[in-house]
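Bear in mind that the values in this text are calculations on the coordinates, not laboratory data. From a predicted model like this one, the values you see are computed outputs, not experimental measurements. Here the Cβ positions follow ideal geometry from the backbone for every residue, glycine too, while neighbour counts run over all protein chains shown.
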Amino acid sequence: MEKAVRNLWVEARELMRQGDLGGVERLDSPPSPLRFLREYVSANRPFIVSGAATRHWPAISHSLWSNDDYLCNALRNCTVSVHLTPNGRADALAPLPLPSGGEGESITKDGTQKRGGLCFASACVRSMEFPEALQLIKATGRALGPSTASVVAYAQQQDNCLPGEYAAVAGDVEAHIPWASEALGCLPEAVNLWIGNDRSQTSFHKDHYENLYVVITGEKHFLLLPPTEVHRLYICPYLAARYTLSSALLDTGTGGLRFDLEVEEPERQVPWCSVDPYPPSPEDLAVQMSSFPLYFDGPRPFECTVKAGEILYLPSMWFHHVRQTPDSNGQTIAVNYCMLGPHQV
């Protein structure tokens, strides 16, 4: 069975014409709607378009979103949602808390021992005025100096937040990607804004929509796996939990904040990828490699860096892990357009 699965991985990559080079195709200019639909959407192939595709966007052409004063003035009266974690990993696996407050193997109400004593941990979400949020994001990153903050802030809310919370600056980018909208016959279901620092990363997951991801400032680093390699990520059910913040008010730059991780009530389980591609220590890497051999012994994930102005087309159901490098201001800003594919309409 394992040999058949491994052959499937190879054949699927050959059909995508990506081979095992570990790269993602780059285009100098946007594809025509017909080419996009025929060669990429139908073939389930990611690609990156150079900055020429977004050169006319004010956020980029006039460097508006690289200017903190501009953003804070434009959004000074706006309240935005900020996701807070102790380590920059939200919607990721974390040690499952025991009733006594310890960590390790844990028993659920039905007597089941959860795999590795882990749970699916969601961020603590706080609403705050945008200038405060931006200051907190910068203060909790490493780019402007070693950060000792015990909190990592990430402004992101996947609910069409650009024309919502950030409506005051939504006109600085395109409302949709014309060649993609024409090819798919629809406008985006949601357009989301992301502002984070170099301590934030997103664990392996998949989305059920066609994704056009545009980096405005900084860089995003993606690991990609096609749906045919789902077995390599060891998806298991984990108890859902959420971080709560003990402090009533955030003091930007402080290192004394304390998080609690609480299992959601009523209990629910979230199927999630078990693999951590970047373990924090050699010992953790050894555990990962022995626990998840199909990932570490299989073909390399596709890797790509999306730079400011570039667009990544990420097909529906592709698994992706994301890290980021901030700009000189200490933040990475991106916009993604979520669209229904032709098989979803």
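Just a few scattered comments:
- Projected label points at E264 and N67, each 7 Å from Cα along the beta carbon direction, are separated by 4.2 nanometres.
- Net charge of neighbours whose Cβ lies under 13 Å from the Cβ of V125, counting Lys and Arg as +1 and Asp and Glu as -1: -1
- Taking each residue as 0.36 nm, the span from A52 to S290 lengthens on full extension beyond its C-alpha to C-alpha distance by 81.3 nm.
- For the stretch 3-340, the equivalent ellipsoid derived from the alpha-carbon gyration tensor has semi-axes of 31, 29, 17 Å in decreasing order.
- Virtual paramagnetic centre 7 Å along Cα→Cβ of R76, amide N under 13 Å, in the stretch 151-186: none
- Efficiency of FRET from Cβ geometry, E39 and V10, R₀ 30 Å, rounded to 0.05: 0.90
- For L285, neighbours were defined as the other residues whose beta-carbon sits under 15 Å from its Cβ, and their charges (Lys and Arg +1, Asp and Glu -1) total -4.
- Size of electric dipole in the stretch 120-232: Cβ of Lys, Arg +1 and of Asp, Glu -1, about Cα centre, debye, nearest 20: 560
- Positive-end residue, the stretch 3-340 charge dipole about Cα centroid, Cβ charges, pick of H231, N329, W194: H231
- Simple Cβ-charge dipole of the stretch 3-340, Lys/Arg +1 and Asp/Glu -1, about Cα centre, in debye nearest 20: 540
- Projecting the Cα positions of A149, T54, M317 onto the charge dipole of the stretch 3-340 (unit charges on Cβ atoms of Lys, Arg, Asp and Glu, taken about the Cα centre) puts M317 furthest along the positive direction.
- Neighbours of G88 by Cβ distance under 11 Å: Lys/Arg scored +1, Asp/Glu scored -1, total +3.
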